Amino acid sequence: MESLLAASSSLPAAAFSPPSSLSSTSSSPHALRSAVAGAARAVRCSAAKDSILYALEHDEMFNSAEVIQWESGKSINSIAAAQGIRIRRRCRPRYPSEGSGADKAVPRNMLEQIIWDKEVEVSQRKAKKPLQKVIESSQHAPPARDFVGALTAAYRRNTAPALIAEVKKASPSRGVLREDFNPVEIAQSYEKNGAACLSILTDEKHFQGSFENLETVRNSGVKCPLLCKEFVIDIWQIYYARSKGADAILLIAAVLPDLDIKYMLRISKNLGMTALIEVHDERELDRVLKIDGVRLIGINNRSLETFKVDTSNTKTLLEKRGDLIRDKGILVVGESGLFTPDDVAYVQNAGVSAILVGESLVKQENPRQAIAGLYGKELLH
């Protein structure tokens, strides 16, 4: 595992190679703890206030509870479990649900299966294109567009939740949603009919998406800001998404410990990207609300463990935390289970400023009718 400890936006870019997330899988915890301990000793011996090590010592992530627990020998899974995260990490070089006997692991739910598969995928991608190469590629990407600004403008223009329309071919629960899937045609039709932003699925194994779809849509002339809808476990994915033209990235609180969210927020901000942080329950929402710099929270009405949908989840959470969210100036995105004007009105009355919709749009042949049917009116754009 590579450490987060060298991460600091205040440090010279050439001082350190940017590390992967707390959940990365490149070397052993024992090796990391040795490196951390050595770095910590060096930092505490440093007296020069303008030095890199002094800056590290005073970086909140370097001194976070998670790092201290990790340095003392706690596992990633035990640290995450203490924060209410039930998704275990396997950190294996091949698919953990394959094999036999002691080698074979059984995931507790669909999200855990997706994350285990994602660990392998990211490891393989990093072997082909190391982080430093991806960082260099991201520096040549077109400037990131204002995702939050686009949502805010659309909400004011239509007096209705801004639409993040999802370009999505398939899902684990529903299978293939659209056989004649052309991501560029779908993206362009959504934009033409009032979508403020677009969400592009990039997971291949379970959603039949791809980063190539993201890049193709970005290069097609679409002006809408693009959300990379990916199961992020490593900063490599954020840099890679930016290199392919993403303006925003999804971070899932059910998967990422607080330290990873903070670190990934920092990376996203440095790249000019927006982070949409997705929550499913009150504990996840409370965790995210304690993190500085959050601008966009998505409340998913679908349990990523059971895939069951309950739209009252949005209302329940906003009744409890809506005032705090408004005080912080955070925009809320409603996700999943939205099919009718009544559904949209329900989450809008609860306090939602935008909605992310995939299945109910992509399954219909006529995007104009689909969007008008969702809102009960045509959207201005």
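Taking K and R as +1 and D and E as -1, what net charge do the other residues with C-beta under 12 Å from the C-beta of Asp146 add up to? Local net charge: +2. Computed about its Cα centre, the charge dipole of segment 134-284 is approximately 480 debye, with only Lys, Arg, Asp and Glu carrying charge at their Cβ. Residue-wise HN-Hα couplings along segment 369-378, as the Karplus relation 6.51 cos²θ - 1.76 cosθ + 1.60 with θ = phi - 60° gives them from phi, are 5, 5, 5, 4, x, 5, 9, x, 6, 7 Hz; Gly and Pro carry x.
Remark on Glu166: its backbone amide H falls under 5 Å from those of Ser199, Val357, Gly358, a criterion applied only to residues 5 or more positions apart or on other chains, H modelled at 1.01 Å from N. Multiplying the residue separation of Gln69 and Ala345 by 0.36 nm and subtracting their alpha-carbon distance yields 94.9 nm.
Taking Cα centre as origin and charging only the Cβ of basic (Lys, Arg, +1) and acidic (Asp, Glu, -1) residues, the dipole magnitude of segment 242-343 rounds to 460 debye. Summarising the amide proton neighbourhood of Ala105: residues at separation of 5 or more, or on other chains, whose placed amide H is nearer than 5 Å comprise Ser97, Glu98. Once backbone amide H atoms are built at 1.01 Å from N, Glu278 has Leu251, Ile252, Ala253, Gly298 as its partners under 5 Å, excluding neighbours fewer than 5 places away on the same chain.
Return the lysines within reach of Lys377: Cα separation strictly under 18 angstrom, same-chain partners fewer than 8 residues apart disregarded; answer none if there are no such residues. Straight-line reach from Lys377, under 18 Å: Lys192. With a cut-off of 14 Å between beta carbons, the residues surrounding Asp258 carry a summed charge of -1, where Lys and Arg count +1 and Asp and Glu -1. Extending 7 Å from the Cα toward the beta-carbon at both Glu179 and Lys192 defines two label points whose distance is 2.4 nm. Between Lys308 and Ile291, the distance separating the two model label sites (each 7 Å from Cα on the Cα→Cβ line) works out to 2.7 nm. Computed from backbone phi with θ = phi - 60° and the Karplus coefficients 6.51, -1.76 and 1.60, the 3J(HN,Hα) list for segment 249-260 is 9, 8, 10, 9, 5, 5, 10, 9, x, 3, 5, 5 Hz; x is used for glycine and proline. Straight-line reach only, C-alpha to C-alpha below 18 angstrom: list the lysines that Lys129 could link to, leaving out same-chain residues fewer than 8 apart. Within the straight-line limit of under 18 Å, Lys129 reaches these lysines: Lys118, Lys244. With θ taken as phi - 60° and the Karplus curve 6.51 cos²θ - 1.76 cosθ + 1.60 applied, the whole-hertz 3J(HN,Hα) list for segment 343-354 is 5, 5, 5, 4, 6, 5, 5, 6, x, 7, 9, 8 Hz, x standing for glycine and proline. Summing Lys and Arg as +1 and Asp and Glu as -1 over all other residues whose Cβ lies under 14 Å from the Cβ of Asn213 gives a net charge of -1. Reachable lysines from Lys290, Cα under 19 Å, same-chain residues fewer than 8 places away excluded? Of all the lysines, those that pass the test against Lys290 - Cα under 19 Å, at least 8 places apart if same chain - are Lys262, Lys269, Lys320, Lys328.
Based on the alpha-carbon gyration tensor of segment 136-375 and its eigenvalue square roots a ≥ b ≥ c, which shape applies: rounded if a/c is under 1.5, prolate if not and a/b is larger than b/c, or oblate? The shape class here is rounded.
Extending 7 Å from Cα along the Cβ direction at Ser220 and again at Asn366 yields two label points whose distance is 2.1 nm. Over segment 136-375, accessible surface divided per residue gives 37 Å², non-protein components excluded, 1.4 Å probe.
The values are calculated or read from the model by the stated rules, or taken from the named source; none is laboratory data. Keep in mind that what you see is a predicted model, and the values were worked out from it rather than measured. Here the Cβ is made from the backbone with ideal geometry for all residues, glycine too, and neighbour counts use every protein chain on show. Calculation scope for accessible area: heavy atoms of the full protein, side chains included, ligands and nucleic acids excluded. Shrake-Rupley method; radii C 1.70, N 1.55, O 1.52, S 1.80 Å.
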